[in-house]
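Trainee: For reference, the structure I am asking about is given below.
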Amino acid sequence: MEIRNFVIIAHVDHGKSTLADRLLEITGTIPARQMKPQYLDRLELERERGITIKMAPVRMLYTPQINADSARTDAENEQGNAENLLYGNITYKIRAAAFEVRKNLGLGHKESVYHNALAQEFGKTDLKFETEKNIGVFYDGKKVGSYRPDFVIEDKIIVELKALPEIGRPQTEQLWSYLKGSDYKLALLINFGSKELDIKRVIYDTARFQRNSASIPRESAQVERYMLNLIDTPGHSDFAYEVSRALLAVEGAILLVDVSKGIQAQTLSNFRLARQAGLKIIGAVNKIDLYPLRAEKTKISLAKLIGVQPEEIYAVSAKTGDGVKELLEGVVRQVPPPKDLKTGGDGSQALIFDSLYNDHKGVLAFSRVFSGEFSNDQSAVLLSSKRKFKIKETGFFTPDFKPVEKLSEGEIGYLATGLKEPNLIKIGDTIGSREAEPLIGFKEPQPVIFVSFYPTEQTTFEDLENGFKRLKLNDAALSFEKDSNEILGKGLKVGFLGELHFEITSERLEKEFNLEFLTTFPSVIYRVTDKNGSHFIKHPQNFTGDYFKIFQPMIKLEILTPTDYLNQILSLAKIFHLNILEIKNFSEDNLLLIGRMPLAELIKDFSDQLKSVSAGYASFSYDFDGEEAVDIGKLEILVANEPLPALTRLVLKDEVEREGRILVERLKDLLPQQQFSQALQAKAEGKIIARETIPAMRKELGNFGKNGGDRTRKMKLWKKQKRGKEKLQSMAKVKISAEIFRELLKK
């Protein structure tokens, strides 16, 4: 069984998951009655947001049907992947001839009519063929009969013709039996009577049967089928690290582009990652059913990016399924079969590209086997930590977990490690049968923003901590440690790969674990130098200001935008301290802006503002680009003279006063009145730089007599009320609800 490993990569919301749905249907991996939209997206949040958050692998089995155009193309270009098939160059020419006959004759003729027409078509080629050749059938080394097929091509391939509504297992088994009793290895069973021309490859080759590349036996051990291992990947830049690991586990990639949006920033980023990984990239444009007039223009742009001809780009509708079968057959033809990354005597090795925790089997390492094989109860080792374990189970994805006896070279599946410590399994690490050098250089995913989480009255710290521990079992990129402060109590400092990663994690805590909590402003990590050397500041509360130098992380930003929005984006660049380094013409209507910006600016509403000024058409991607010296100060907010650590921020010194003013004004609008007045203050470098006051609630003293009562009595009541408010104020401790915090922390 031939293996093809590939991914689907695209910008967010270009239709990856919907395309995966159609592939599952075409291959019969998921029965129609069980099919539902975004089948591979298993998280409820993925369905709500309509985006892929976690990569999803699945194995599909497929017997390809190649259309006439592709068959002719392959016949003319014998340098394609024909060498990967038994007699591939010959069979493509036979297919091309058969499709030409079917196209000209259509349905409804007898087998003899198709036979005569096919003989004429073969005569136009350089194929040598015979039509009345008797083939001996042997049993135990002795001839026991003979068989006369419709054609024998190049004295290598038997061709049998049918004109039936459909052909099934009996016909293929009969042809396989003829092969078994002869010296031939390959037969083509061509049926002209079905709705679509049906061509099956029937093989009897003992050399091929001895291979152990597939852990699923052939259904009938004679019809050549393909094992297609697909990994559906996230599209957002926050998850670029995971995508890069998945790209190293495959040989091919479908690069998908929405024709209504065209090539966007993450399209470029994913294309570069796939090119760096050395993958065969197959271009496809999606949603041609909705925007047919834009398809050709998008195909030309994508072809230029990949470096192919526009006719080599597939046009599909992932929603209706139009063109998807042709795309799948393109994957079978163009993606090369698995190859070893490792040579020498290092034993079996597999690359970990994702993981999942199972209460009974420990951590499941989602792996691609690059050499050798792994089986149940086999001893193995994690090459980064040298931790040894015994494999409890091997299996593959349907996309559910399907146990098998072993995973062999070229296959993608999972290895149940039995390890109960998720931190031991690192994405990008190598599992080996013995200690050796890893397949690739391993490195930890680095968090880029940090947020403190604190439980509210309805949630205990233990509940919050357990929630994060459970999430980390399935999200290895999460990192957290204990935190505390005088006002909010015990909490957790949590590192994230980006702003979307933070938002998704927060929503999962709320929806999956019913937790309530407060969060601080997201902040980035700063490097500071002082008399004790160089160290890092993760949270504003720990910033003292007594440093020689402060350095902030920088990013290199690429913005892809229609030309009409250039001026608006340049205005935005001033607000977010974005230094535009270069402006390129990307296409007839689009510009590519390359710039450099502090990472801290990215989490200040940059994404939403960019969408706003460009009517949603501009997109961006980024990579880390070193660090830069910066002059910042700590901004603190006090309510009734009590500091609120959750609102402490690090701000550029020339923006401290403006940011402080904005915060206290928003607090004044959000906080409810109390029986006492509330002073709202912004503090920086020991000075109050902005102040607002929420006045105390006034209580009506009632009507004393016809003219408002005795003034002396009223004054006594006022003085009594004043003393009460002063006492309340001296004892007061302002409580800010979770709703107010969330409103205040909105971008």
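Trainee: ³J(HN,Hα) across the stretch 7-14 via Karplus (A = 6.51, B = -1.76, C = 1.60, θ = phi - 60°), whole Hz, x for Gly/Pro?
Mentor: Using θ = phi - 60°, the values come out as 10, 10, 10, 5, 5, 4, 6, 9 Hz.
Trainee: When the scattering of the stretch 94-200 is computed by the Debye formula from its Cα atoms alone, each counted once and equally, what is log10 I(q)/I(0) at q = 0.12, 0.13 Å⁻¹?
Mentor: Treating every Cα as an identical point scatterer, log10 I(q)/I(0) equals -0.40, -0.47.
Trainee: Residues of the stretch 382-486: accessible area per residue at 1.4 Å, in Å²?
Mentor: 45 Å²
Trainee: Along each of its three principal axes, how wide is the spread of alpha-carbon positions in the stretch 379-421, in whole angstrom units, largest first?
Mentor: Answer, in whole Å and largest first: 30, 23, 16 Å.
Trainee: Over all Cα pairs of the stretch 283-344, how is the pair count split among 10 Å bins, expressed in % and running from 0 up to the last occupied bin?
Mentor: Taking every Cα pair in the stretch 283-344, the percentages come to 21, 43, 22, 10, 4, 0.
Trainee: Hey, another quick one. Using just the Cα positions, wrap the stretch 300-429 in a convex hull and report its mean projected area in square nanometres, one decimal place.
Mentor: 10.8 nm²
Trainee: Another question, if that's okay. Please report, in debye to the nearest 20, how large the charge dipole of the stretch 602-659 is about its Cα centre when each Lys and Arg carries +1 at its beta carbon and each Asp and Glu carries -1 there.
Mentor: 240 debye
Trainee: I want to verify the translational diffusion coefficient of the stretch 471-584 in µm²/s; compute it with Stokes-Einstein, Rh as the Kirkwood radius over Cα pairs, at 37 °C and 0.692 mPa s.
Mentor: Roughly 185 µm²/s, to the nearest whole number.
Trainee: Per residue, how much space in cubic angstrom lies within the convex hull of the C-alpha atoms of the stretch 382-464?
Mentor: Spelled out: Cα convex hull of the stretch 382-464, divided by residues, is 175 Å³.
Trainee: Hey, any idea what % of the stretch 550-634's accessible area is carbon plus sulfur with a 1.4 Å probe?
Mentor: 47 percent
Trainee: Rank-order 685-693, 411-419 by packing density, defined as the average count of other C-beta atoms within 10 Å over each peptide's residues, highest first.
Mentor: 411-419, 685-693
Trainee: Would you mind telling me the share, in percent, of accessible area of the stretch 268-360 contributed by carbon and sulfur at probe 1.4 angstrom?
Mentor: 50 percent
Trainee: Can you work out ³J(HN,Hα) from phi for every residue in the stretch 626-639, in order, using Karplus 6.51 cos²θ - 1.76 cosθ + 1.60 and θ = phi - 60°, giving whole Hz and x for Gly and Pro?
Mentor: x, 9, 8, 5, 8, 10, 10, x, 8, 9, 10, 10, 10, 10
Trainee: Sorting Asp669, Asp483 by accessible area (1.4 Å probe), largest first, what list results?
Mentor: From most accessible down to least: Asp669, Asp483.
Trainee: Got a sec? What order do Asp654, Asp354 fall in by accessible area at 1.4 Å, biggest, i.e. largest, first?
Mentor: Asp654, Asp354
Trainee: If you scale each eigenvalue of the Cα gyration tensor by 5 and take the root, what three semi-axes come out for the stretch 537-639, rounded to whole angstrom and sorted largest first?
Mentor: With the √(5λ) rule applied to the stretch 537-639, the semi-axes are 31, 15, 10 Å.
Trainee: A further question on this structure: Along the principal axes of its C-alpha atoms, what lengths does the stretch 426-482 span, in descending order and rounded to whole Å?
Mentor: 51, 24, 16
Trainee: Sorting His539, His109, His360 by accessible area (1.4 Å probe), largest first, what list results?
Mentor: Correct descending sequence by accessible area is His360, His109, His539.
The values are calculated or read from the model by the stated rules, or taken from the named source; none is laboratory data. No experiment lies behind these values; they were computed from the predicted model shown. As a convention, Cβ positions derive from the backbone with ideal geometry for all residues, glycine included, and neighbour counts pool all protein chains shown. Calculation scope for accessible area: heavy atoms of the full protein, side chains included, ligands and nucleic acids excluded. Shrake-Rupley method; radii C 1.70, N 1.55, O 1.52, S 1.80 Å.
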